[in-house]
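Okay, so here's the structure we're looking at.
The values are calculated or read from the model by the stated rules, or taken from the named source; none is laboratory data. Since we're looking at a predicted model, the values are computed, not measured. Glycine gets a Cβ as well: all are built from the backbone with ideal geometry, and neighbour counts include every protein chain shown.
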Amino acid sequence: MKAEGPVGLGAFLLGLAAAFVLAIITFGNFSNDRFAALLVTPVLAVPVGGALVAASLVMRSSSRGRPLMGVVRGVVAAGLVAVWLMARGAADWLQAPYAFDVYLLIAVAGATVLVLGVDGWGGRWASTPMRPPS
Amino acid sequence: MIVRLASFLGLAIVLVPLWVMPGVLFPHPGVNDALELSALGPLLYLLTLGASLLSLLGVGLLG
């Protein structure tokens, strides 16, 4: 298992924080308590994402894999969440299912970024061409 | 290549129901319908953050 997955996950969480800040600016409203989750989500995502990126990058180089590829995957996944958030808008936060679909998407996207960074999926094995039998 | 293609296809199969789910489950949502979901979402998010931190442990042990 390489650090490519966790570094991608860290980049995803940092991008997620940016997406939620964008959502606060676009349709957030501090006079309604139901928007509180919109504020708490990036506050939790930044320290965890920063810790994941920092810890992954200080690991020995043989365990890192391709960190830049992980970062690209994380940023793309965060972009998807940002587009989803903007498309749903304020209605998704104020009415059922209260952005439950957004948090499900975050779980699915995070798991995908992590799995693609693991050897055998998007990692070493997937990019290594197969040799013909000799 | 096939693995990547299958994973992207799988992702699309997950994303489409996720997009239509709110409209199907709550076609005419009221302000106080299914309030329990407003707590379940952030709870799921906390689980995701916890699992993210555990992935570092996985890299440390298996890497």
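Conditions (1) within 12 Å of chain B (Cβ to nearest Cβ); (2) under 18 Å from the mean Cα position of the chain (by Cα), marked per residue:
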| position | (1), (2) |
| --- | --- |
| A:Gly10 | yes, yes |
| A:Leu14 | yes, yes |
| A:Val21 | no, yes |
| A:Asp33 | yes, no |
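Just one of B:Val31, B:Val14, B:Val3 is more than 25 Å from A:Arg34 (Cβ to Cβ), of a type outside the set (Phe, Trp, Tyr) and over 17 Å from the mean Cα position of the chain (by Cα); which is it? Exactly one of B:Val31, B:Val14, B:Val3 is more than 25 Å from A:Arg34 (Cβ to Cβ), of a type outside the set (Phe, Trp, Tyr) and over 17 Å from the mean Cα position of the chain (by Cα), namely B:Val3. Screening A:Val53 with (1) in contact with a Gly (Cβ under 7 Å, 6 or more places away or on another chain); (2) within 30 Å of B:Leu35 (Cβ to Cβ) gives one miss only, at (2). Condition test on A:Gly50, is it more than 11 Å from chain B (Cβ to nearest Cβ), over 14 Å from A:Ala77 (Cβ atoms) and under 13 Å from the mean Cα position of the chain (by Cα)? In short, yes. Of all the residues in region A:20-47, those that are crowded, with 20+ Cβ neighbours inside 10 Å and at pLDDT 90 or above number 5. Scanning region A:1-19 for residues that are outside any helix (DSSP H, G or I) and surrounded by fewer than 22 Cβ atoms within 10 Å (Cβ to Cβ) yields a single hit, A:Met1.
Here A:Asp101 fits the description: of a type in the set (Asp, Glu) and buried (at least 20 other Cβ atoms within 10 Å of the Cβ). Within region A:112-130, is there a residue that is at pLDDT 90 or above and either more than 7 Å from chain B (Cβ to nearest Cβ) or surrounded by fewer than 19 Cβ atoms within 10 Å (Cβ to Cβ) (or both)? Within region A:112-130, one or more residues are at pLDDT 90 or above and either more than 7 Å from chain B (Cβ to nearest Cβ) or surrounded by fewer than 19 Cβ atoms within 10 Å (Cβ to Cβ) (or both).
The single condition from (1) of a type in the set (A, V, I, L, M); (2) out of contact with any Gly (no Cβ under 9 Å at 6 or more places or on another chain); (3) loosely packed, with under 15 Cβ neighbours inside 10 Å that A:Val72 fails is (2).
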